[in-house]
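K.L.:
Before I ask anything, let me first share the structure, which is written out below as structure tokens.
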Amino acid sequence: MVRAAWGSRVGFILAAAGSAIGLGAIWKFPYVTAQNGGGAFLLLFLVMVFTLGIFIMIAEMAVGQISQQSPVGAYRYFGGRSWSIVGYIGVVCGFLILSFYSVVGGWTIFYIVKSFGDTILTSDAVRLKAIFDGFITDPVEPLWYHAVFMALTAGVVLAGVQKGIERVSKSLMTLLFFLILVLIVRSLTLPGASEGVMYFLMPDFSKVNAGMVLEAMGLAFFSLSLGMGCMMTYGSYVSNETNLANSAACVVGLTTAICILVGLMILPAVFAFGLNPAEGSGLTFIIMPAVFSHLAGGQLFAILFFFLLFVAALTSSVSLMEVVTSFFIDEFDMPRIPVSIVMAILMFVVGIAASLSLGAWKEYTFFGKSFFGVLDYATSHLMMPFGGIMVTLLVGWRAWRPVAARLALPDGESPWWWRVMRPFCRYIAPLLILLVLLQNL
Ligand code: TRP
């Protein structure tokens, strides 16, 4: 079988950015940052992104591109049989993430539907919170939306790499970017907004604690789609001429820019409308309707915003599903269509438990967390950092030569950051991640 490939370098960058930019930047980043006190956490996040994030992005893409295989095969290619276990863990990680990711993806569809009515166009934060809480704790309604989201994800993956992912990614992300810019202007000009800007941008280091460092690291992994082989899989569809380092830098830069812009869009409004910044996972869904209610043509903006948020989530969920399905395609030569369908159904079932754990099954907790929280914690705080350790070790110790050769400039010269990358992959990154993990035990 001929391996699927991207149509162009731009197509690859857009698809990788489409994977990275999603609920992580627009749903998770603002509420986690707000919960952790704002500015100082933002700084920690940026440090994680521009040290670990950028090098792990390059490492993953390069390993995928050279081996032309998805994670299990890629680890085996460079490290032999025992390393392929890391790939398996990545596949499981992708499965678990998508299970709860699709639940939140379903919330975005619910809010598109809600935007057509006028109940959410109010600046009454208490009422908006009640709508959100009422919906996510309902035992039945979120499951329908979760099913629709999962089915659409599977639908795109069924269509294959070229026709499915690339086309969707190319078109709508630019529109989202401009919409966010417009919404920032509205948010910043609300009375009382400046307090939110200060909260978001002024670091207060007295708030920093050990848990926050792990939180920032997990969020960086999640937002950049790192640590489970997602970028490896996308890298494996890249032809050999493509310059990876530039592509990786573009993806990291774009995603981080969106995170910061989203922070500027949401936090000022949180303060303007008197919502508690530590509100939690409803922050984006609760506060944005309040912003729309203060905007001419607000309903139209609401529909457009939630639709584009849904598209952003879909291009990310597709990348997760692609990791899971390409594993079965590459390892067992199974056909794409049945694999996608079966996996979608299994993830849907796990997602049902995740959704119910927010409402009907609230009393069942593990380590003080709902099942939803456990899935989130186990993936972002344990599995992805583990994947980050392994991929840097792989590149630093087993795959340095081919990776270095691949990353050389067209004239054979090595780029300036080369010298940094090897010791970083060999020692610094694995130790740093390990330290952050251990500190939390
Ligand atoms: N980065 C995506 C987001 O922010 C989610 C995602 C897609 C992801 N693929 C991933 C997270 C792989 C971790 C690993 O919405």
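K.L.:
Distance from the Cα centre of the stretch 126-144 to that of the stretch 289-312, in angstrom?
P.N.:
19 Å
K.L.:
Give me the dipole magnitude in Debye, nearest 20, for the chain about the Cα centre, with unit charges on the beta carbon: positive for Lys and Arg, negative for Asp and Glu.
P.N.:
For this selection, approximately 760 debye.
K.L.:
If you line up the long axis of helix 283-292 against the longest principal axis of the chain, both from Cα atoms, how many degrees apart are they, to the nearest 10?
P.N.:
The angle comes out at about 60 degrees.
K.L.:
Using a/c under 1.5 as the rounded threshold, could you call the stretch 318-441 rounded, prolate or oblate? The axes a ≥ b ≥ c are square roots of the C-alpha gyration tensor eigenvalues, and prolate needs a/b larger than b/c, oblate otherwise.
P.N.:
Judged from the Cα gyration tensor, the stretch 318-441 comes out oblate (a/c at least 1.5, b/c at or above a/b).
K.L.:
By how many degrees, 0 to 90 and rounded to 10, does the Cα axis of helix 84-116 deviate from the longest principal axis of the chain?
P.N.:
Taking Cα atoms only, the helix is inclined about 30 degrees.
K.L.:
Hey, got the dipole for the stretch 75-187? About the Cα centre, +1 on K and R Cβ, -1 on D and E Cβ, debye to the nearest 20?
P.N.:
It comes to approximately 500 debye.
K.L.:
Let me ask another. When the Cα centres of the stretch 167-207 and the stretch 210-264 are compared, how far apart do they sit, in Å?
P.N.:
Result: 19 Å between the Cα centres.
K.L.:
Next question, about the same structure. Given a 1.4 angstrom probe, what's the average accessible area per residue across the chain, in square angstrom?
P.N.:
Value for the chain: 38 Å² per residue.
K.L.:
Considering only C-alpha atoms, what is the centroid distance from the stretch 84-117 to the stretch 31-70, in Å?
P.N.:
19 Å
K.L.:
Quick one: P(r) of the chain from all Cα-Cα pairs, 20 Å bins, percents rounded to integers, in order of increasing distance.
P.N.:
27, 59, 14, 0
K.L.:
How big is the dipole moment of the stretch 281-397 about its Cα centre under a simple scheme where the beta carbon of each Lys and Arg is +1, that of each Asp and Glu is -1, and everything else is neutral? Debye, nearest 20, please.
P.N.:
340 debye
K.L.:
Looking at the stretch 1-118, what % of the alpha carbon pairs are farther apart than 20 Å?
P.N.:
Summing the P(r) tail past 20 Å for the stretch 1-118 gives 62 percent.
K.L.:
In addition: How large, in percent, is the carbon and sulfur part of the accessible surface of the stretch 115-266 at a probe radius of 1.4 Å?
P.N.:
Here carbon and sulfur together make up 68 percent of the probe-accessible area.
K.L.:
Please give me the summed charge of the neighbours of ASP118: other residues whose Cβ is under 15 Å from its Cβ, Lys and Arg +1, Asp and Glu -1.
P.N.:
Its environment carries a net charge of +1.
K.L.:
Go through GLU331, GLU322 and list them by solvent-accessible area, largest first, probe radius 1.4 Å.
P.N.:
From most exposed to least exposed: GLU331, GLU322.
K.L.:
I would also like to ask the following. At 7 Å along Cα-to-Cβ for each site, give me the label-to-label distance between MET198 and PHE178 in nm.
P.N.:
My value for the distance between the label points is 3.6 nm.
K.L.:
Could you pull out every residue, at least 5 positions away or on a different chain, whose amide H is within less than 5 Å of the one on GLY227? Hs are placed 1.01 Å off N in the peptide plane, and Pro or chain starts have none.
P.N.:
Amide H neighbours of GLY227: none.
K.L.:
Grab the Cα-Cα distance for ALA296 and VAL140, subtract it from 0.36 nm times how many residues apart they are, and report the gain in nm with one decimal.
P.N.:
Full-extension gain reported as 52.7 nm.
K.L.:
Tell me the carbon and sulfur percent of the accessible area for the stretch 312-379, rounded to whole percent, probe radius 1.4 Å.
P.N.:
74 percent
K.L.:
Within 10 Å, count the other beta carbons around each residue, average over each peptide in 93-100, 217-224, 343-350, and list them highest first.
P.N.:
By packing density, highest mean first, the sequence is 217-224, 93-100, 343-350.
K.L.:
From zero outward in steps of 10 Å, how is the percent of C-alpha pairs of the stretch 232-324 spread across the bins?
P.N.:
Spelled out bin by bin, the stretch 232-324 gives 13, 33, 30, 17, 7, 0 percent.
K.L.:
Does the stretch 337-407 come out rounded, prolate or oblate by the C-alpha gyration tensor, with a ≥ b ≥ c the root eigenvalues, rounded set by a/c under 1.5 and, if not, prolate when a/b is larger than b/c and oblate if not?
P.N.:
oblate
K.L.:
Given points 7 Å out from each Cα along the Cα-Cβ axis, report the TRP361 to ASN276 separation in nanometres with one decimal.
P.N.:
Spacing of the two 7 Å Cα→Cβ label points: 2.6 nm.
K.L.:
Ignoring any ligand, DNA or RNA, what whole percent of the accessible area of the stretch 4-105 comes from carbon and sulfur when the probe is 1.4 angstrom?
P.N.:
Looking at the stretch 4-105 in its full context, I get 68 percent from C and S.
K.L.:
Take the cross-link list LYS129/LYS207; LYS114/LYS369; LYS28/LYS129 and give me the ones stretching past 21 Å between alpha-carbons.
P.N.:
LYS129/LYS207; LYS114/LYS369
K.L.:
Would the stretch 245-287 count as rounded, prolate or oblate if I go by the C-alpha gyration tensor, calling it rounded below 1.5 in a/c and otherwise prolate when a/b exceeds b/c, oblate otherwise?
P.N.:
prolate
K.L.:
How far, in degrees from 0 to 90, does helix 244-272 lean away from the longest principal axis of the Cα atoms of the chain, to the nearest 10?
P.N.:
Result, in degrees: 10.
K.L.:
Which log10 I(q)/I(0) values does the stretch 120-159 give at q = 0.15, 0.34, 0.35 Å⁻¹ under the Debye formula, counting every alpha carbon as one identical point scatterer?
P.N.:
Calculated log10 I(q)/I(0) at the listed q: -0.52, -1.00, -1.02.
K.L.:
What are the radius of gyration and Dmax of the stretch 275-371, computed over its Cα atoms and given in Å?
P.N.:
18.5, 55
K.L.:
Sticking with this one: For the pair ASP118 and PHE50, what calculated FRET efficiency results from E = 1/(1 + (r/R0)^6), where r is the Cβ-Cβ distance and R0 = 45 Å, to the nearest 0.05?
P.N.:
For PHE50 and ASP118, the calculated efficiency is 0.55.
K.L.:
Which ³J(HN,Hα) values in Hz, rounded to whole numbers, follow from the phi angles of the stretch 293-309 under the Karplus curve 6.51 cos²θ - 1.76 cosθ + 1.60, where θ = phi - 60° and Gly and Pro get x?
P.N.:
Result, ordered by residue: 5, 9, 10, 4, x, x, 5, 4, 4, 4, 4, 5, 4, 5, 5, 5, 4 Hz.
The values are calculated or read from the model by the stated rules, or taken from the named source; none is laboratory data. What you are looking at is a predicted structure, and each value in this text was computed from that prediction instead of being measured. All Cβ positions, even for glycine, are placed from backbone atoms using ideal geometry, and neighbour counts span all protein chains on display. The area values use the complete protein model at the heavy-atom level, side chains included, leaving out ligands, DNA and RNA. Shrake-Rupley method; radii C 1.70, N 1.55, O 1.52, S 1.80 Å.
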